[in-house]
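**Q** Have a look at this one.
The values are calculated or read from the model by the stated rules, or taken from the named source; none is laboratory data. All values derive from a computational prediction rather than experimental measurement. Cβ coordinates were reconstructed from backbone atoms using ideal geometry, including for glycine residues, and neighbour counts include every protein chain displayed. With ligands, DNA and RNA removed, areas are computed over all heavy atoms of the protein, side chains included. Shrake-Rupley method; radii C 1.70, N 1.55, O 1.52, S 1.80 Å.
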Amino acid sequence: MSEGWLAPFLLATLRAATPLIFCALSVVLAERAGVIHIGVEGVMLAGALAGLLGVVFWGDAYVGILFSLLVGLILGLLLALITVYLPSDQVVTGIVFNIFSLGVTSFIFRLAAEKNAAVQALIPVMPGSVFGLSPFMVLALVLTVFMWWFMFRTGPGLKIRSMGEDAHAAHAAGINVVITRMLILTAAAALSALGGAALTIGWVRSFTDNITLGRGFIALAAAYCGRWNPLLATAACILFGAGEALAFRAQAAGEGLNPHYFLMIPYLLTLLVVAVAGKGRAPADVGRPYVRR
Amino acid sequence: MQAKSGTAMMLNSYGKRFWDLPVAVPVLSLLLSFLVVAVMAVIFGVSPGTLLGALFEGALKGRFAMASTVKETIPLALASLAVYLPYRAGFFNIGGQGQLQVGAISAMVVVLNVSGPPLMVVTLAVLAAMMAGLLAVVVPLLLKIKRGASEVTTTIMMNFACIQLVNALITGAMKDASAFFGTTLPAPEQYRLPEFTLGVTVHIGIFIALLLVAGTYWLTSRTTFGVRLKAVGSKPSVAEASGIAVKKMIALAVLGGAACAGLAGGIQALGVVYRVAEGWSKGWGFTGIPIAFLAGKNSLAIIPIAFMFAILETGARYMQFMTGVPAALIFVFQGLPVLVFVSLNAWRSSKPNKIER
Amino acid sequence: MRKRHFSFIALLLVLGLFTVMVLGCPAPADDAVAEPDPVEPDPVRVGAIYSIPDPARGGGWDRAQYAGLKTLETEFGWELSIAEAVEFPKLAETAAEFAERGFDIVIFTSSAHVDAWKEVAPQYPDTWFLLMSVTETLPESDNVAAWVPDMYVYGTMVGALAAMASETGTIGAIGGMPIPALKLMYSGIIEGAKAINPDSEVLVDWVGDWVDVPKHSEVTRLQIERGADVIFAVTGPGTKGVLDGAEAGNALVIGYAADWYDDAPGAILTSVLVDTPPMYRELAEAFNAGTLTKGINQLTAVNFTLADFRGKLPDAEAQIKETIAKIQRGEIQIPRVMHELE
């Protein structure tokens with residue numbers, strides 16, 4: 001039993017971590033540029049639905065992913081218009097957007113189910129999956145490394161980070177803050193949507209109302225826990241994924257501890273990291289609407 | 001300018017004046033939202049008139065509905081104070097929902113374990129709720145003051161930690177053994193908030209809510225404390241230089257706000273639901289954020305805005321089962337108007353800048 | 001300053017607008033409800049309560065009930081309003097609202113609604129409160145009745161079926177939460193499986209909620225890791241996770257109450273159906289005749305039937321169907337043993 005235990009546990013960990021990684025990377029990207037991305041949960045939910053609908057109506061996993069990306073881009077543009085272009089408060093917009101997205105996705109899902117019963121059925125396993133792990137896992141790891149390299153080893157990455165530290169200084173240095181932030185937030189939202197697609201296309205192959213159930217917020221915690229560093233954020237996602245996998249197993253093994261205590265871990269851990277690290281390395285300008293002077 | 005024809009000038013000035021009217025943004029955002037929801041209703045095969053009619057009928061027609069709506073207003077108003085007050089000091093408290101949850105469970109702990117004269121026990125429970133809400137914000141507050149950590153991050157984290165803690169308690173240590181879902185025992189009859197009838201039957205929490213909102217208005221706009229608070233919120237460095245104890249001011253506002261959120265939970269537990277159970281709470285703490293935001297400079301506006309949100313909340317259930325639309329439409333109703341409002345508001349306030357440049 | 005009062009005045013005006021709409025809008029709807037067609041008799045108004053969204057496509061029991069509820073509308077011309085996605089703590093409030101709004105009958109569709117049923121029924125003596133699920137006791141008032149399927153017998157049929165279909169002898173039983181109806185049913189599964197294969201083992205796991213699809217999927221995969229090759233699940237929207245987990249682990253799933261084949265053609269072995277329209281017809285006829293009385297009406301094994309196997313286990317199908325028929329006829333006696341399933 002001892003050797004048979006580890007592999008399934010690791011697989012379960014990776015399954016749970018994959019959608020989180022995309023979303024955590026999207027938070028890192030947006031907040032490095034100085035835009036707080038609380039809307040991650042709502043975009044993830046929309047991406048999850050879009051992915052499934054893409055697969056059902058066009059019959060191909062990759063079309064589903066493209067459709068999910070497209071929806072992510074559109075929502076990202078919408079969020080960018082509201083929070084960067086206008087600009088209104090990023091936190092309020094994000095929170096309200098999540099509620100709105102929950103309503104709209106559930107509504108569209110119901111309409112789609114009435115049109116086509118296949119929406120309710122399981123979609124095919126994503127091609128290229130091995131051991132229950134979809135290609136999303138590989139993509140997530142590649143993106144993590146790429147993001148780290150881009151953010152910390154390239155000129156554009158440096159510019160983005162400087163924008164997150166002080167938008168007005170970045171403006172003085174000749175960066176068009178509004179346009180750049182809008183582009184970044186749009187790209188970030190596409191990543192969040194991809195996280196949703198990783199959940200529906202790559203993992204459970206189905207959708208229900210509010211299927212993400214706060215996973216976007218866990219990704220948010222992972223990004224903060226990883227101090228806005230893509231590598232650390234991904235590590236945090238894997239850690240949280242392991243916690244989730246462990247919670248099921250402890251429950252199934254009849255261990256006494258209430259599973260809800262396990263679910264507190266990501267948030268308490270993040271608080272601890274924040275307490276230890278303080279302001280250090282946090283993008284200083286996050287959450288402040290940039291108003292052109 | 002003078003060269004323009006009279007009509008054009010009139011139209012122009014009329015358009016400008018409408019845009020300046022205080023009703024412009026709220027009315028436009030409501031109309032736009034109703035338009036979107038109407039389109040969704042039509043797509044679903046329900047006439048928009050029936051849908052909206054059912055919404056208001058469900059919230060306002062009859063004493064039962066009216067009482068539900070008034071009771072719903074109370075936690076919304078208190079939860080928005082939990083955002084409003086700290087925000088004046090420049091602290092964005094998103095942790096209202098978590099503070100509300102621990103407040104509710106603390107009130108339940110008191111009424112389930114302490115016996116004595118009802119007045120004493122209920123007072124104790126309400127104080128415990130405030131205390132719990134307050135404790136739930138201490139960590140983010142300390143991290144903000146001592147380590148400069150963003151409170152947006154930390155209060156969100158506290159939210160989910162608190163919600164899971166309450167879930168753990170109601171499915172574990174405090175679970176009513178006879179119930180099949182996670183719930184505490186019901187609060188004993190004598191320790192529930194007293195009710196009174198004035199047209200509709202509501203519990204005395206309404207006075208607490210009204211009093212606190214009025215108190216906040218007085219505090220922020222009529223006292224030197226309010227002036228200082230505003231200074232701290234807008235320009236902390238200037239306030240510091242002028243001799244205001246900035247950290248103390250922030251701490252006071254934040255703790256006061258969080259106590260309001262805890263109170264909202266306690267009042268709701270003892271006055272309306274009588275049990276803390278899985279899914280017992282709507283997202284009052286989250287809804288409080290847009291309410292505080294919409295209220296803007298005038299905290300008295302919290303009451304009518306909270307009432308409006310309460311209408312959407314209580315009317316939505318009736319609307320759902322009378323018209324057969326998906327329950328999800330309720331969320332659209334809660335999200336969309338605020339989304340449109342903040343956008344229009346931001347657009348309007350940014351407009352002069354653009355013209356001047 | 002004008003800006004200072006901006007929001008406040010604005011809101012007063014908006015509220016005024018609301019009031020106008022309230023006074024103006026509901027009037028036609030009002031007439032439709034309050035003043036019925038003078039020729040036609042007042043149609044019976046039924047309010048049904050579900051805790052899940054979209055009951056027509058929801059979990060097994062909900063889906064089966066929905067089919068039954070619809071007969072009230074299609075066969076009896078009653079007015080049916082369905083409240084969906086009602087959270088547990090809001091059940092009583094919603095039922096009270098139906099009663100306050102003059103509904104004749106309020107129907108609770110799940111055994112998870114028993115507490116709310118008992119709380120509300122005594123408060124509104126002029127409204128009938130019916131529970132269409134498992135209960136042993138009735139509320140303390142005369143305006144109540146229940147249609148109770150014998151979940152234990154249902155469980156024995158599932159258990160026997162699973163034991164015959166299983167190659168490993170390990171059967172997975174997954175439930176959303178440990179509610180009494182499920183403990184009863186799962187005890188039946190254990191005994192039913194034992195009657196066929198004394199060595200069979202039934203793994204019972206509670207997911208802890210009814211909705212978290214990924215969590216359901218992982219719990220299912222875990223059961224398969226532990227040897228289960230036939231899975232039965234009673235839960236809410238999370239059922240999709242069970243189907244996904246089972247298909248990924250090449251296990252077969254027995255559908256609950258409604259036919260689940262279309263949801264996962266690869267994973268569904270068959271479904272043990274609950275035929276609900278007869279009980280709704282019974283209730284409607286009794287109500288129309290004025291003979292509806294307080295009491296518990298039992299639904300027995302004859303209401304439980306097997307769905308088509310659609311090519312699954314072609315060699316065993318005939319024998320399985322024969323055995324299930326024997327249980328229905330009482331030719332195979334299965335003892336009633338309650339198991340502690342926490």
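**Q** Roughly how crowded by other chains is peptide A:84-93, in terms of the mean Cβ count from those chains within 10 Å of each of its Cβ atoms? The partial results should precede the final answer.
**A** Numbers: counts 0, 4, 9, 5, 11, 7, 1, 6, 12, 7.
Counting Cβ atoms of other protein chains within 10 Å of each residue's Cβ and averaging gives 6.
**Q** With a 1.4 Å probe and all protein chains kept in place, how do A:Val145, C:Val86 rank by accessible area, largest first? Before the final figure, lay out each step's value.
**A** Details: A:Val145 85, C:Val86 0 Å².
Descending order: A:Val145, C:Val86.
**Q** Between C:Lys326 and B:Leu198, with labels modelled 7 Å along Cα→Cβ, what's the label distance in nm to one decimal, could you check?
**A** A separation of 7.4 nm, rounded to one decimal place.
**Q** Give me the net charge for the shell around C:Gly241: Cβ to Cβ below 13 angstrom, other residues only, Lys and Arg +1, Asp and Glu -1. Before the final figure, lay out the partial values.
**A** On the way: positive: A:Arg15, A:Arg205, C:Lys215, C:Arg221, C:Lys240; negative: C:Asp205, C:Asp209, C:Asp212, C:Glu218, C:Asp244, C:Glu247, C:Asp263.
Neighbourhood net charge equals -2.
**Q** Shifting gears a bit: Along the charge dipole of chain C, Cβ charges K/R +1 and D/E -1, which of C:Gly295, C:Ile52, C:Thr74 sits furthest on the positive end?
**A** Farthest towards the positive end: C:Ile52.
**Q** Something else: Report for the range C:215-340 the percent antiparallel among DSSP-assigned beta bridges with both residues inside it, nearest 5.
**A** Details: 3 of 11 bridges.
Bridges in the range C:215-340 are about 25 percent antiparallel.
**Q** Taking just the alpha carbons, could you work out the radius of gyration and Dmax for the range C:155-246, both in angstroms?
**A** Answer for the range C:155-246, Rg first and Dmax second: 12.0, 34 Å.
**Q** Return the distance in nm (one decimal) between the two label points of a simple spin-label model at A:Thr154 and A:Asp60, each offset 7 Å from Cα along Cα→Cβ.
**A** Each label point is offset 7 Å from its Cα along the Cβ direction, giving 2.7 nm.
**Q** Right, something else. Where the centre of each part is set by its Cα atoms, how far does the range B:143-184 sit from the range B:208-227, in angstrom?
**A** 30
**Q** Divide by every residue of the protein assembly as shown the summed helix terms, -39500 (n - 2.57) for each DSSP H run of at least 4, and state the resulting mean residue ellipticity at 222 nm, rounded to the nearest 500 deg cm²/dmol.
**A** Working: 36 runs with 613 residues, N = 992.
My calculation for the protein assembly as shown gives -20500 deg cm²/dmol from helical runs alone.
**Q** Among the complete DSSP H segments of chain A, which ones combine at least 24 Å of alpha-carbon extent along their axis with a mean Kyte-Doolittle hydropathy of -1.0 or more?
**A** Values: long enough: A:2-32 (43 Å, 1.13); A:40-58 (26 Å, 1.90); A:61-80 (28 Å, 2.54); A:90-115 (36 Å, 1.15); A:135-153 (26 Å, 1.79); A:177-199 (33 Å, 1.89); A:230-252 (33 Å, 1.20); A:259-277 (28 Å, 1.83).
Helices meeting the criterion: A:2-32, A:40-58, A:61-80, A:90-115, A:135-153, A:177-199, A:230-252, A:259-277.
**Q** Taking the Cα atoms of the range A:2-277, report the difference between the largest and smallest coordinate on each principal axis, in whole Å and largest first.
**A** 58, 48, 32
**Q** Two-decimal Rg/Rh of the range A:129-218 from alpha-carbon positions, Kirkwood Rh? Intermediate values should be presented prior to the final figure.
**A** Values: Rg = 16.8 Å, Rh = 15.4 Å.
So for the range A:129-218, dividing Rg by the Kirkwood Rh gives 1.09.
**Q** Quick check: convex hull over the Cα atoms of the protein assembly as shown, volume per residue in Å³, rounded to an integer?
**A** On the way: hull volume 182.9 nm³, N = 992.
Output value, Cα hull per residue: 184 Å³.
**Q** Under the Karplus relation 6.51 cos²θ - 1.76 cosθ + 1.60, θ = phi - 60°, what is the ordered set of whole-Hz ³J(HN,Hα) values for the range C:48-57, x standing for Gly and Pro?
**A** In residue order, the calculated couplings are 10, 10, 10, 9, 10, x, 6, x, 4, 10 Hz.
**Q** A further question follows. Regarding chain C, what whole-number volume in Å³ per residue does the convex hull of its Cα atoms give? Don't jump to the answer; show the numbers that get you there.
**A** Values: hull volume 60.9 nm³, N = 342.
Spread over its residues, the Cα hull of chain C gives 178 Å³ apiece.
**Q** Express as a percent, rounded to the nearest 5, the fraction of DSSP beta bridges in the protein assembly as shown (both residues included) that run antiparallel. Kindly include the intermediate steps, with their values, before the conclusion.
**A** Working: 9 of 49 bridges.
In the protein assembly as shown, DSSP labels about 20 percent of beta bridges as antiparallel.
**Q** Shifting gears a bit: Roughly how many percent of the accessible protein surface of the range B:164-262 is carbon and sulfur, given a 1.4 Å probe and a whole-percent answer?
**A** Details: 3200 of 4830 Å².
Of all accessible area on the range B:164-262, carbon and sulfur atoms account for 66 percent.
**Q** Let me ask something else about it. What residue among B:Val246, B:His203, B:Leu78 has its Cα farthest toward the positive end of the dipole of chain B, where the charges are +1 on Lys, Arg and -1 on Asp, Glu, each on the Cβ?
**A** B:Val246
**Q** Across the residues of A:121-133, average count of Cβ atoms on other protein chains within 10 Å?
**A** Values: counts 9, 11, 1, 1, 4, 0, 0, 0, 1, 0, 1, 6, 0.
Taking the mean over all residues of the peptide, I get 3.
**Q** Across peptide B:333-343, how many C-beta atoms of other chains are within 10 Å of each residue C-beta, on average? Mind showing how you got there, number by number?
**A** Working: counts 3, 5, 11, 6, 2, 7, 10, 3, 3, 9, 9.
The shielding value for this peptide is 6.
**Q** Please list 3J(HN,Hα) in residue order for the range B:164-175, calculated via the Karplus relation 6.51 cos²θ - 1.76 cosθ + 1.60 where θ = phi - 60°; whole Hz, with x for glycine and proline.
**A** 5, 4, 5, 4, 4, 5, 6, 9, x, 4, 9, 5
**Q** Would you be so kind as to identify which of C:Thr94, C:Val114, C:Val144 lies farthest towards the positive end of the dipole of the range C:87-150, taking Lys and Arg as +1 and Asp and Glu as -1 on Cβ and the Cα centre as origin?
**A** Going by the charge dipole, the pick is C:Thr94.
**Q** Using only the alpha carbon atoms of the range A:1-125, find the Kirkwood hydrodynamic radius as the inverse mean reciprocal pair distance, in angstroms to one decimal. Please report the intermediate quantities before stating the final value.
**A** On the way: mean 1/r = 0.0617 Å⁻¹.
About 16.2 Å for the range A:1-125.
**Q** Taking a point 7 angstrom from the Cα of A:Leu141 along the C-beta vector, which residues in the range A:6-20 have backbone N less than 17 Å away?
**A** A:7-20
**Q** A follow-up question, please. Can you tell me the convex hull volume per residue for chain B, based on C-alpha atoms, in Å³ to the nearest whole number?
**A** Values: hull volume 68.0 nm³, N = 357.
Hull volume normalised by residue count: 190 Å³.
**Q** Note down the relative contact order for chain C as a percent, whole number, built from C-alpha pairs under 8 angstrom at least six residues apart.
**A** On the way: 648 pairs, mean separation 53.8, N = 342.
Contact order relative to length: 16 percent.
**Q** Also, quick follow-up: Using a basic spin-label model with each label point 7 Å from the Cα along Cα→Cβ, how many nm lie between B:Phe225 and A:Lys115?
**A** Spacing of the two 7 Å Cα→Cβ label points: 5.7 nm.
**Q** Could you pull the Rg and Dmax for the range C:223-278, using just the Cα atoms, both in Å?
**A** Final numbers for Rg and Dmax: 11.3, 41 Å.
**Q** Report C:Lys326's accessible area, 1.4 Å probe, all protein chains in place, as a number in Å² to the nearest 10.
**A** The accessible area of C:Lys326 comes to roughly 80 Å².
**Q** Sticking with this structure for a sec: Can you work out the base-10 log of I(q)/I(0) for the range C:286-342 at q = 0.12, 0.13, 0.22 1/Å, using the Debye formula on its C-alpha atoms alone?
**A** Reported log10 I(q)/I(0), two decimals: -0.56, -0.62, -0.96.
**Q** Work out the length of the dipole vector of the range A:2-277 about its Cα centre, built from +1 on the beta-carbon of each Lys and Arg and -1 on the beta-carbon of each Asp and Glu, and round it to the nearest 20 debye. Spell out each step's value before the answer.
**A** On the way: 12 positive and 11 negative charges, 64 e Å.
Approximately 300 debye in magnitude.
**Q** Where does each of B:177-186, B:122-131 land if you order them by average Cβ count within 10 Å, highest first? Working shown, then result.
**A** Numbers: B:177-186: 18.5, B:122-131: 21.7.
Put in order of decreasing packing, that is B:122-131, B:177-186.
**Q** Compute the distribution of all C-alpha to C-alpha distances in the range C:262-315, in bins of 10 Å from 0, and list the percent of pairs in each, rounded to whole numbers.
**A** 19, 34, 23, 16, 8, 0
**Q** Pairing the Cα long axis of helix C:60-74 with the longest principal axis of chain C, what angle in degrees results, from 0 to 90 and rounded to the nearest 10?
**A** Long axis of C:60-74 versus the principal axis of chain C: about 50 degrees.
**Q** Assigning unit charges at the beta carbon (Lys, Arg +1; Asp, Glu -1) and nothing else, what dipole magnitude in debye, to the nearest 20, does the range C:65-203 show about its Cα centre? Kindly include the intermediate steps, with their values, before the conclusion.
**A** Values: 6 positive and 20 negative charges, 78 e Å.
Value, rounded to 20: 380 debye.
**Q** If you don't mind, another one. Could you sort C:Val302, C:Val211, A:Val119 by their accessible area in this structure, using a 1.4 Å probe and putting the largest first?
**A** Details: C:Val302 110, C:Val211 65, A:Val119 0 Å².
Most to least solvent-accessible, the answer reads C:Val302, C:Val211, A:Val119.
**Q** For chain A, what does the relative contact order come out to in percent, with C-alpha contacts under 8 Å and a separation of six or more? Spell out each step's value before the answer.
**A** Details: 526 pairs, mean separation 110.8, N = 293.
Computed value for chain A: 38 percent relative contact order.
**Q** Which whole-number percentage describes the relative contact order of the range B:60-325, with Cα contacts under 8 Å and a sequence gap of 6 or more? Could you put the intermediate results ahead of the total?
**A** Values: 470 pairs, mean separation 106.4, N = 266.
Rounded, it is 40 percent for the range B:60-325.
**Q** Any idea what % of Cα-Cα pairs in the range C:191-342 are farther than 22 Å? Please list the in-between numbers first.
**A** Numbers: 5946 of 11476 pairs.
In whole percent, the long-distance tail amounts to 52.
**Q** Next question. Quick one: what are the phi-derived ³J(HN,Hα) couplings along the range C:268-275, Karplus 6.51/-1.76/1.60 with θ = phi - 60°, whole Hz, x for glycine and proline?
**A** Rounded to whole hertz, the list is 7, 6, 6, 10, 9, 7, 10, 7.
**Q** Let me ask something else. Can you give me the long-range amide H partners of C:Ile268? Hydrogens built in the peptide plane at 1.01 Å from N, cutoff under 5 Å, separation of 5 or more residues or another chain.
**A** C:Val253
**Q** With a Cα-only, solvent-free Debye model of the range A:57-186, what are the log10 I(q)/I(0) values at q = 0.23 Å⁻¹?
**A** Scattering profile of the range A:57-186, log10 relative to I(0): -1.34.
**Q** For the range A:177-234, just the Cα atoms, rotate onto the principal axes and tell me the three extents in Å, largest first.
**A** Its Cα atoms span 39, 26, 17 Å along the three principal axes.
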